[in-house]
């Protein structure tokens, strides 16, 4: 028969074990994410055929918000909706006929309601990640749709192009921006991109004042040049926005900084580079992902507020962040974490895109999110939305399934547009595993569009 001391010892041991188990359970609860609710009135469409699809962009026509156009590579295709995303046309090819490859696409609407697609074009790449070495002919081009995205002109309009000769640069990663304000330079179109040279990288810029028919000679707008490889230390990730006063604000990354600069004369001249936000390195490799980055986006609201989003791994796992400026980009708020899963939970959120609704003022951010997979592999698409000018965000599930991005190129970016309470996300998913014999990479991807409507949310 056990003595009293023995029983007391056993009881104490049992209490300690129970306390430990409760602590573990509490910790697991605190470090787990509740399932996300789907975005309201969500409808999802596949707008591409199965192939090597990636790097999509989407835009809403401010003159007729029923018109929405999405574009994606490879090599360049477009889908159109004339009913605010309720239905979508079959994709049509808009690739350049005179080059082998058309990629890095983006799309906008100008103030006449024309859809304008911007892209790069080339025949073949040179040394991996060192695009200025052994470059062949390449350039930046636009194509136009004068009927809001239904049909596209056949003309390939050059913004900047390089003929094959020793030592030519490679033009890469352009993005197109439209001035749809009522300001002095309304109707202008702007394109910025990275030019890879043998010894450096620079940000070039060109503008059009005739609806994209002709473009100004490119100017170098980067006061500080970057390293010559498509990797950390380069200058990359151009994006821009126009505030209601007609001022153009542009951003890109340089090392561990987001650079911002502005033009008040329609892109003719710019102020000096301003390193406005310090980040972790802009290139990183999430587990199971062929490639990813945290390049910034910038957007403005109807009151002139500016917002920047980016992703980095300052918290160990990769998170998405936002900062805002109320004084035209002179000062910026501390970084706000956009994804609302527990801090340091080991889940990656990456490849974000930003859109501010000019009617409602809501700040919207889309990104890949792995919080639902304890192995940090399968990703869903999540929309974060702020109705308090970027001070806090609510997260919603934007996709209807998760997928593993392992060994597939899903691109350098996704896309997002918002207008009048409707939000349009566009992204890449891997759906099967078909390996390319030359590259040993899987390429079976599709592009999806998710349409959410917040107008019934009180």
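The values are calculated or read from the model by the stated rules, or taken from the named source; none is laboratory data. Bear in mind that the values here come from a model prediction, so they are computed numbers and not experimental data. Note that we place each Cβ from the backbone using ideal geometry, even for glycine, and neighbour counts take in every protein chain shown.
Residue-by-condition table, conditions (1) surrounded by 17 or more Cβ atoms within 10 Å (Cβ to Cβ); (2) under 16 Å from residue 112 (Cβ atoms); (3) in the same structural domain as residue 71 (by TED's automatic domain parsing); (4) without any contact (Cβ under 8 Å) to a residue 40 or more places away in the chain:
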position	(1), (2), (3), (4)
139	yes, no, yes, yes
146	no, yes, yes, yes
150	no, yes, yes, no
153	no, yes, yes, yes
163	no, no, yes, yes
167	no, no, yes, yes
179	yes, yes, yes, no
187	yes, yes, yes, no
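Selection within region 381-415: residues that are within 17 Å of residue 56 (Cα to Cα) and not in a loop (DSSP other than H, G, I, E, B). The member of this set that is modelled with the lowest pLDDT is 408.
Assess whether residue 453 counts as being at pLDDT below 85, surrounded by 15 or more Cβ atoms within 10 Å (Cβ to Cβ) and more than 14 Å from residue 51 (Cβ to Cβ). Here the answer is no, as residue 453 does not meet what is asked.
The criterion of at least 1 residues that are in contact with a helix residue (DSSP H, G or I) (Cβ under 6 Å, 6 or more places away or on another chain), surrounded by 17 or more Cβ atoms within 10 Å (Cβ to Cβ) and not assigned by TED's automatic domain parsing to the domain that holds residue 145 is met by none of the strands (runs of 3 or more DSSP E) falling completely within region 213-304.
Counting the residues of region 131-158 that are under 19 Å from residue 230 (Cβ atoms) and under 23 Å from the mean Cα position of the chain (by Cα) gives 3. Is it the case that region 189-201 has a residue that's under 22 Å from residue 355 (Cβ atoms) and either over 22 Å from the mean Cα position of the chain (by Cα) or not assigned by TED's automatic domain parsing to the domain that holds residue 104 (or both)? Taking every residue of region 189-201 in turn, none turns out to be under 22 Å from residue 355 (Cβ atoms) and either over 22 Å from the mean Cα position of the chain (by Cα) or not assigned by TED's automatic domain parsing to the domain that holds residue 104 (or both). Restricting region 308-318 to residues that are crowded, with 20+ Cβ neighbours inside 10 Å and either over 14 Å from the mean Cα position of the chain (by Cα) or not assigned by TED's automatic domain parsing to the domain that holds residue 232 (or both) leaves a set whose member that is farthest from residue 394 (Cα to Cα) is 317.
The residues of region 77-93 that are closer than 26 Å to residue 291 by Cβ and crowded, with 23+ Cβ neighbours inside 10 Å, listed by number, are 77, 78, 79. Restricting attention to region 53-66, the residues being within 17 Å of residue 146 (Cβ to Cβ), surrounded by fewer than 24 Cβ atoms within 10 Å (Cβ to Cβ) and in contact with a strand residue (DSSP E or B) (Cβ under 7 Å, 6 or more places away or on another chain) number 2. Of all residues in region 357-380, those satisfying the criterion of being under 12 Å from residue 423 (Cβ atoms) and buried (at least 24 other Cβ atoms within 10 Å of the Cβ) are 363, 364, 365, 366. Filtered by the rule that a residue be touching a strand residue (DSSP E or B) at 6+ places or on another chain (Cβ under 6 Å) and under 20 Å from residue 245 (Cβ atoms), region 206-220 gives a lone residue, 207. Residues of region 125-148 being touching a strand residue (DSSP E or B) at 6+ places or on another chain (Cβ under 7 Å) and either farther than 20 Å from residue 99 by Cβ or not in a loop (DSSP other than H, G, I, E, B) (or both), which ones? Scanning region 125-148 gives 138, 139, 140, 141, 142, 143, 144, 145, 148.
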